[in-house]
Amino acid sequence: MPHFVTFTVVGWVDIFTRKQCRDMLIESLKYCVSNKGLLIYGYIIMSNHVHLIIAAREDSLGLSAIIGDFKKFTSKRIISWLLESPKESRKDWMLDIFRQHALQTYRNESYQIWTHDNHPEEVTSHSFILQKLAYIHNNPVRAGIVRNPSEYLYSSAGNYIGLKDVILEINVLDIGSDIGLVC
């Protein structure tokens, strides 16, 4: 069963304004699709959070395990990138926030990138999926980044209108004639 989930960066740090970090997420999502059984039906990567409509194939370890692996791996990659990046102007500020959030958890981490809650909502109806796809795809429009959802590169909006040059292949849902609501 698909779920709508949100992954939020602690302190709402806008780390995904950096292309390298957005690309790390895309690479990790591709890996999870190819190797862990993740099914992606919709996504968007904003500056400090990610929305996904996802499920796990029946032969996988399950959605919870995939999400845990994804968040753990991307956290380590982002921290490594920050620690090794001499040109990142906000490096010390971000590392300090990630360190402070890690100190507040029981998980004994040095840094924490993601909040622990994913706000999962089970997708139970056609109208719910349309609402969530519209919400996801219109995020950058509401933020004033683009005029049309399909102009935003780090989103599944282009997949839903049939663009060939998308950065992440997904399982496009047959949403019927309601396509205008989401793209």
Please report the projected area of region 85-183's Cα convex hull averaged over all directions, in nm². 9.4
Grab the DSSP H runs of the chain that are 4 residues or longer, score each as -39,500 (n - 2.57), total them, divide by all residues and round the 222 nm result to the nearest 500 deg cm²/dmol. -13000 deg cm²/dmol
Test of understanding: in a Gaussian network model of the chain with alpha carbons linked when under 10 Å, which of Lys87, Lys36, Lys71 would top the mean-square fluctuation ranking? Lys87
How would you order 75-81, 116-122 from highest to lowest mean count of nearby Cβ atoms within 10 Å? 75-81, 116-122
In region 83-121, the chymotrypsin sites (Phe, Trp or Tyr not before Pro) that fall in loop regions by DSSP, at most 14 other Cβ within 10 Å: Tyr106
Ellipsoid equivalent to the chain - semi-axes via the Cα gyration tensor, in Å: 28, 19, 15
How much length is gained if the chain between Lys72 and His119 is pulled fully straight, taking 0.36 nm per residue apart and subtracting their Cα-Cα distance, in nm to one decimal? 15.2 nm
Using the Cα centre as the reference, give the magnitude of the dipole from point charges on the C-beta atoms of region 34-183 (Lys, Arg: +1; Asp, Glu: -1; all else neutral), rounded to the nearest 20 debye. 440
So if I place +1 on the C-beta of Lys and Arg and -1 on the C-beta of Asp and Glu, and nothing else carries charge, what would the dipole magnitude of region 1-86 be about its Cα centre? I want it in debye, nearest 20. 120
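Only the coordinates and a few stated rules stand behind these numbers; no lab work does. Just so it is clear, the model here is predicted, and its values are computed rather than measured. Please note: Cβ atoms are built from the backbone with ideal geometry, for glycine as well, and neighbour counts cover all protein chains shown.
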